[in-house]
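*Asks:* One structure, as structure tokens, below. Some questions next.
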Amino acid sequence: MESYLPSFDLKGKTALITGATKGIGRAITIAYAEAGANLVIVSRSEEDLSNLKTQIQNDYQVKVVYVASSVTDISNITSKLDMMKETMPIDILVNNAGMNIRSEALNVTEEEWSQIIDTNMKSALFLSQYVARNLKERGAKGKIISISSVGGVTALRTGVVYAMTKAALIQMTKTLSLEWGKYGINVNAIGPWYFPTALTEELLKNEQYVQDIVDRTPLERIGKLEEIAGPAVFLASDASNYMTGQALMVDGGMTIYGF
Ligand SMILES: NC(=O)C1=CN([C@@H]2O[C@H](COP(=O)(O)OP(=O)(O)OC[C@H]3O[C@@H](n4cnc5c(N)ncnc54)[C@H](OP(=O)(O)O)[C@@H]3O)[C@@H](O)[C@H]2O)C=CC1
Ligand SMILES: C[C@H](O)[C@@H]1OC(=O)[C@H](O)[C@@H]1O
């Protein structure tokens, strides 16, 4: 029977998600479990990680391990991954962990710079490097997905350093896709507009701010977490095997805003 429907399931794959316990990362993590992936989940809270592991293992027949660490402590994370790479070799990496300090450019400090840069970019590159080295050693195909932002392609009022990190993730995506395509590693990014998470909670409590968002968004609403999980499953699955170096804006149309 002629068929062109690719597989969206992730059975037999192992996915590492940073920032897996809250917000967008949590939605992606649970969606990956629903798609059958084994999981390596990373955030700083041992309690949150343990609770999420228990929830997922109660609901889905997948293996879950966790690494409680700041993503800025790369060697701590990779040393723990080394101990599990025989049993849980990583096939899919989601560089999701990120943060923002919303200072105007005239006021931003070096301390804020360092915190945002290190959290949003350092682990994205060095965890991608770690996973790619392991995939190359195994001769295995892999998927690397970085969570950028519409702020990586258009100007937002939410901080210049954050915007720099999100633009950098898109350029990192393109460069790594160029170098690692020959190893069968797809490297893509997702650029969300606003989604309801702890990161945006305070902003989204402001009715005028939400109205400003709606006024700039053709779909006239903020996103739902399942609407970011979908593109993340797509980019992790065989359905996107011929896509690499791309930044998918998941934004209700915001970045094409016309007049
Ligand atoms: N929500 C939105 O509207 C948008 C979000 N994004 C991006 O999506 C990603 C996720 O954001 P969102 O879900 O909203 O954020 P949340 O603040 O809700 O979640 C962030 C997650 O990252 C983890 N995290 C933060 N800093 C570190 C760190 N140093 N080390 C390890 N884990 C860390 C947190 O866990 P813990 O604190 O327990 O360690 C948490 O699990 C970010 O990269 C963000 O820039 C992009 C565009 C829009
Ligand atoms: C859409 C942006 O990324 C949004 O801006 C912010 O300040 C939040 O940090 C969100 O990430």
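*Asks:* Convex hull over the Cα atoms of the chain, averaged projected area in nm²?
*Replies:* Dividing the Cα hull surface by four gives the mean projection, 15.7 nm².
*Asks:* Identify all aspartates and glutamates with a Cα-Cα distance to Lys143 below 17 Å; exclude those on the same chain that are fewer than 8 residues away in sequence.
*Replies:* Asp9, Asp91, Glu179, Asp238
*Asks:* Using Cα atoms only, what is the angle between the long axis of helix 46-59 and the major principal axis of the chain, expressed in degrees (0 to 90) to the nearest 10?
*Replies:* 60 degrees
*Asks:* Still on this structure, please answer the following. Report, in deg cm²/dmol and to the nearest 500, the calculated mean residue ellipticity at 222 nm for the chain, where each DSSP H run with n ≥ 4 adds -39500 (n - 2.57) and the sum is divided by the residue count.
*Replies:* Computed ellipticity for the chain at 222 nm equals -12500 deg cm²/dmol.
*Asks:* Still on this structure: Which longest run of the chain has no exposed loop site in it, a site being GluC sites (Glu not before Pro) in a DSSP loop with at most 11 other beta carbons within 10 Å, and the site itself not part of the run?
*Replies:* Longest stretch, sites excluded: 105-219.
*Asks:* Cross-link list Lys13/Lys174; Lys141/Lys224; Lys182/Lys224; Lys22/Lys136; Lys11/Lys53; Lys53/Lys174: which exceed 26 angstrom alpha carbon to alpha carbon?
*Replies:* Check vs 26 Å cut-off fails for Lys141/Lys224; Lys182/Lys224; Lys22/Lys136; Lys53/Lys174.
*Asks:* Let me ask something else. Tell me the label-point distance for the pair Gln208, Ser3, using the 7 Å Cα-to-Cβ offset, in nm and rounded to one decimal.
*Replies:* The answer from the label model is 5.6 nm.
*Asks:* For the Cα atoms of the chain, what angle does the longest principal axis make with the long axis of helix 23-34, in degrees from 0 to 90, nearest 10?
*Replies:* With both axes taken from Cα atoms, the answer is about 30 degrees.
Read-outs: derived from the displayed coordinates by stated rules, not from any lab. All figures in this text were calculated on a predicted structure; none of them were measured in a lab. We place every Cβ from the backbone using ideal geometry, glycine too, and count neighbours over all the protein chains shown.
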